[in-house]
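Report on one structure; see the data block that follows.
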Amino acid sequence: MNDTHFDHKLTLDQLKALLLRAKSDTKNGERNYLMILIGVCHGLRNMEICGLTAANFDMEDATIIVRRGKKSLKTTQPLMRSDDPLLDEYGAVNAYLLDENGIPKRGRLFDIKTGMVRHMFKRYAKDAGIPKALRHPHVLKHTAAHYALDSSKRDLVYVQKFLGHKNLSSTGMYLKVSDTEACAAIQPNYFKKF
């Protein structure tokens, strides 16, 4: 199989190293950590992360309204919860949406431009030991697509909806299967339905 940019994804260990590196930044660590976490949890592009506002989140329902670029579909998705505090998106968003006086934030969530996100991400990824080919924020979208494919048992329709793709062919770009894998999955049950 040929390696394409659709194959680029972070392993869970790489993602955790990246999140820890972002969190350790003394100036904007919580913000940068949360941008990366939200990006990977919902498959967001850099511009979509930077465009998030407090109004995109409903903490009562524990959801995010994802407005995507490139004419993709708007979706409402649950915030991810995890026993691992580093991966608990709900807890991180809930804490971030309140200012130091406990007052809910309003307006744009992150005070940063897309170019600075690219620069920050590249630096963090390098510090975390992530290979050069994966040192760009768009890898968060690809990583989310691969995680969604794996967790949905490779159901393209669910992943299409999750990523907001209008066309199934956009989602299918992430699905790579070798001849051996395809035959192993199909052959055992091939004649059982007839």
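Out of everything in the range 47-104 that is outside any loop (DSSP other than H, G, I, E, B) and acidic (D, E), what residue ends up being modelled with the lowest pLDDT?
Going through the qualifying residues, I end up with E48.
Looking at (1) in contact with a His (Cβ under 8 Å, 6 or more places away or on another chain); (2) within 29 Å of K132 (Cβ to Cβ); (3) of a type outside the set (A, V, I, L, M), which is the one condition that is false for Q77?
(2)
Filter the range 50-99 for residues that are surrounded by 12 or more Cβ atoms within 10 Å (Cβ to Cβ), touching a residue at least 60 places away in the same chain (Cβ under 8 Å) and over 19 Å from L20 (Cβ atoms) and give the result.
Scanning the range 50-99 gives C50, V66, R68, S72, L73, T75, Q77.
Step by step: first the residues of the range 11-46, then only those that are at pLDDT below 95 and buried (at least 18 other Cβ atoms within 10 Å of the Cβ), then the one that is farthest from the chain's Cα centre (by Cα). Which residue is that?
N46
Please specify each residue of the range 127-166 satisfying the condition of being in a helix (DSSP H, G or I), at pLDDT 90 or above and among the basic types (K, R).
Narrowing the range 127-166 to residues in a helix (DSSP H, G or I): 127, 132-134, 139-151, 156-163.
If we keep only those that are at pLDDT 90 or above too, we end up with 127, 132-134, 139-140.
The one that is in a helix (DSSP H, G or I), at pLDDT 90 or above and among the basic types (K, R): K132.
May I ask you to list the residues in the range 54-99 that are among the basic types (K, R) and touching a Lys or Arg at 6+ places or on another chain (Cβ under 8 Å)?
R67, R68, K70, K71, K74 - these are the residues of the range 54-99 that are among the basic types (K, R) and touching a Lys or Arg at 6+ places or on another chain (Cβ under 8 Å).
Report the residue count in the range 105-126 for those that are not small (G, A, S) and not in a loop (DSSP other than H, G, I, E, B).
12
The values are calculated or read from the model by the stated rules, or taken from the named source; none is laboratory data. Being a predicted model, the structure only gives us computed values, none of them experimental. Backbone-built Cβ (ideal geometry, glycine too); neighbour counts: all protein chains shown.
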